[in-house]
Amino acid sequence: MRSLERYVHALMANAGDVVAVLSPDGRFADVGAASLRVLGLAPEALVGTVALDRVHPEDRDEVARRLALHGRGDSAGVIGPFPCRLRHAAGGWRHMEVTARNRLDDDDVRGIVLNARDVTDRVEAEERLQASEARYQTLAGSAPVGMFQTDRAGGIVSANPRFAAIAGLPPDALRGHAWRAALHPEDRRRLEADWAEAVESAQPVLLNVRFRGAGDAVTFALCQGSPLTDADGRVQGWVGTLTDMTEYVRTVDALLMAEARTNAIVDAAADAIVTMDGEGIVHSFNPAAEAMFGIPAADMLWSRIDRLIPDIGALLQDGGLAVYQPGGEARGAGAVREAVAVRGGDGDRFPIELSVSAVETGGRRVFTGIIRDITARKRSENDLIAAKEAAESADRAKSTFLQVMSHELRTPLNAVIGFAQVIEMRLLGATEVDRYIDYAGSIRQSGEHLLAIIDDILDITTIEAGGLRLNETPVDPSALVGEALNLVAIQSGKRGVPIHLDLEAGLPMLTGDALRLRQVLVNLLSNAVKFSNPGEPALIRARRGGDGGLELSVTDTGIGIAAEDLPKAMTPFVQVDQSMARRYEGMGLGLSISKRLVEAHGGTLRIDSAPGQGTTVTVFLPPSRVMANR
């Protein structure tokens, strides 16, 4: 009875473990209360069941073998502890550490006493640790970077194969400080100094180092290390990585070289080259762009390009440059388009030729624009167009001139020839002397008309050739007007167009070519008489100008000239009405000759006219022609 009490006491003392008694046939004879907590089964649910049925199939043979020893050994012997796995009521397995005592000879027990301790948490922790160690070893062995641990002085304690490969050493040569011999000689002293400083400060290290391999090959590497410290914060060693940066360094060098070449090309380019993002923000602005737009690059960087090219946004968005469409692919050199740009300094607008290419990286668009100032080319094009139009106009004017000339020459020549034949053949009889005299007068008038035409042609030819020379003498404006009136008096009388005179008192003397100035007034008065309606007067006026010069003007009450036809009136051999059925005769040289003669005197000739309201032609002679101002 004392033995039973002793085991009961043992069961109570080890209530945290599952304590059970197995009968000789291997069934549970008694089970402690801990079974419910450990295995999820109450003791009464286990009593009478076969113990091996609760053991994991892989562990049964070993458990049976160990328990069988009790039948052959000392009854007081202890087997174990040994591991096994027992099924939990929920279906899983619990790891147990079992100790067995043979009490088959004890009449109070007559069985095997088992003490099973639940070590599941410890076993699983060890398994996780082993798995973690395995993963670490796998990671270290396959990592693309070198991994290492050192002592306080930097001697290698452990390192992975990649570390050895980067250092150019066999793995068995890494222990201790041997790895430092592989460093580039120029980096060793710096490494020693930086490492000592890191030990002193207990701060992470970040070092750029070089290793020398076979054939003087250099490997660039980045060493990163973090300190391992004790409870007092003292550095005991380091763990870190060694990254091969050789390709990166070579790539950076290549990029720097490419960038230098690109910058050299861009800086030397004759065309403006500008890069911008999708929002039109300028990122680069080469020297040619500075010169073209008259603005420093520093003032344009991070500014909008439409400050210089207002229409570029529309060109990019509507596909006018065929560079980039939203959702589409980036393209190379786009189409060339003409646009208008603005100079940064003075706001002057000028034509440009623009070509844009685009690339997209990381979801961002970058545009490169090549800009050429085509002001000179446009000017040349305009000059060519103007020359072409002038040539075509001259060709038309020549054809018109020949038509007009033919008409103007034929009319008086027909009269000359016809009247001469009548006189020569005495068709009117010998007694009609007065009639013959009239015909002779008509022949004279026709000859004078022909002579006037020839004089006008010679005058305009001389002027156009630059052969005009002025015979300058003192000129009395009043006398000049009177002489001109006398020369057109007959024409005025025949047309029935009186000429009124308005002379300002005290007009000063002029210097100029009296003959040429009179020719100007005669031309203007002749036109006034020709184009005025009969019975309506023309007016000639002379007065001092507001600038101290002299103004001479002739006004008629004729048909007037439309504003768009005024240039024709000033063009040689051109009349406003060019048709052969025109109402007014003439070569169209009067105004053209008058304008050039006035300009030869340093003056200007202006026409003020409107259809149906008559015409006023004003001659402005400069103050330098007034003798009182000299």
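The values are calculated or read from the model by the stated rules, or taken from the named source; none is laboratory data. Because the structure is a prediction, the values reported are computed rather than measured. Positions of Cβ are backbone-derived with ideal geometry, glycine not excepted, and every protein chain shown enters the neighbour counts. Quick note on the areas: whole protein, heavy atoms, side chains included, nothing else; ligands and nucleic acids left out. Shrake-Rupley method; radii C 1.70, N 1.55, O 1.52, S 1.80 Å.
Say each of A420 and F350 gets a label point 7 Å from the Cα, pointing the same way as Cα to Cβ; how far apart are those two points in nm?
Between A420 and F350, the simple spin-label model gives 6.5 nm.
Read phi for every residue in segment 526-533 and hand back ³J(HN,Hα) as whole Hz from Karplus 6.51 cos²θ - 1.76 cosθ + 1.60, θ = phi - 60°, with x for Gly and Pro.
Result, ordered by residue: 4, 5, 4, 5, 5, 9, 7, 6 Hz.
Cα centroid distance between segment 494-553 and segment 259-280, in Å?
Distance between centres, Cα-based: 67 Å.
Dividing the Cα convex hull volume of segment 97-178 by residue count, how many Å³ per residue is that?
Given the Cα convex hull of segment 97-178, per-residue volume reads 163 Å³.
Read phi for every residue in segment 557-563 and hand back ³J(HN,Hα) as whole Hz from Karplus 6.51 cos²θ - 1.76 cosθ + 1.60, θ = phi - 60°, with x for Gly and Pro.
Running phi through 6.51 cos²θ - 1.76 cosθ + 1.60 with θ = phi - 60° gives 10, x, 6, x, 10, 6, 4 Hz.
Over segment 221-291, average the accessible area per residue using a 1.4 Å probe and give it in Å², no decimals.
Per-residue accessible area for segment 221-291 comes out at 54 Å².
Using per-residue counts of other Cβ atoms within 10 Å, averaged over each peptide, order 259-265, 272-278 from highest down.
Order by mean packing, descending: 272-278, 259-265.
Can you list the residues, at least 5 places off or on another chain, whose amide H is less than 5 Å from the amide H of G545, using H built in the peptide plane?
Answer set, sorted by chain and number: L550, E551.
Please list, ordered by chain and number, the residues whose modelled amide H lies under 5 Å from the amide H of L228; skip anything fewer than 5 residues away on the same chain.
Correct list: Q236, G237, W238, V239.
Long-range amide H contacts for N533: which residues qualify at under 5 Å (H placed 1.01 Å from N, peptide plane, sequence gap of 5 or more or a different chain)?
Under 5 Å from the amide H of N533 lie the amide H atoms of T557, G558, each far enough along the sequence or on another chain.
What lysines sit close enough to K378 to cross-link, taking a C-alpha to C-alpha distance under 26 Å and skipping anything fewer than 8 places away on the same chain?
Of all the lysines, those that pass the test against K378 - Cα under 26 Å, at least 8 places apart if same chain - are K388.
In whole percent, and with a 1.4 Å probe on the protein chains, what portion of the accessible area of segment 223-305 is carbon and sulfur?
59 percent
What ranking, highest mean first, results for peptides 491-498, 515-522, 602-609 when packing means the other Cβ atoms within 10 Å averaged over each residue?
Per-residue Cβ counts within 10 Å, averaged per peptide and sorted highest first, yield 515-522, 602-609, 491-498.
Give me the number: length gained by fully extending V119 to E360, i.e. 0.36 nm times residue separation minus the C-alpha to C-alpha distance, one decimal in nm.
Full-extension gain reported as 80.7 nm.
Taking 7 Å along the Cα-to-C-beta vector as the label spot, tell me the E472-Q613 distance in nanometres, rounded to one decimal.
It works out to 3.8 nm between the two label points.
Hey, any idea what % of segment 120-206's accessible area is carbon plus sulfur with a 1.4 Å probe?
Carbon and sulfur: 55 percent of the exposed surface of segment 120-206.
Counting Lys and Arg as +1 and Asp and Glu as -1, what is the net charge of the other residues whose Cβ lies under 11 Å from the Cβ of I312?
So the surrounding residues net to +1.
Per-residue HN-Hα couplings for segment 502-513, Karplus 6.51 cos²θ - 1.76 cosθ + 1.60 at θ = phi - 60°, whole Hz, x for Gly and Pro?
Working through the residues one at a time gives 9, 10, 6, 5, x, 5, x, 6, 10, 10, x, 8 Hz.
Length gain on complete extension for the stretch D306 to Q130, per 0.36 nm per residue less the alpha carbon to alpha carbon distance?
Gain in length upon complete extension: 56.7 nm.
At A90 and V218, where each label point lies 7 Å from the Cα along Cα→Cβ, what is the point-to-point distance in nanometres?
6.3 nm
Kindly rank 55-63, 474-482, 26-34, 245-253 from highest to lowest mean number of other beta carbons found within 10 Å of each residue.
Highest mean packing first, the order is 26-34, 474-482, 55-63, 245-253.
I need the shape label for segment 247-295. Rule: rounded when a/c is under 1.5, else prolate if a/b > b/c, else oblate, with a, b, c from the alpha carbon gyration tensor.
oblate
By a straight-distance test (C-alpha under 30 Å), which lysines pair with K530 as possible cross-link partners, with residues fewer than eight away in the same chain excluded?
List returned: K398, K494, K568, K595.
Mind checking the full-extension length gain between A391 and A297? Use 0.36 nm per residue of separation minus the Cα-Cα distance, one decimal, nm.
Contour length minus the Cα-Cα distance gives 29.3 nm.
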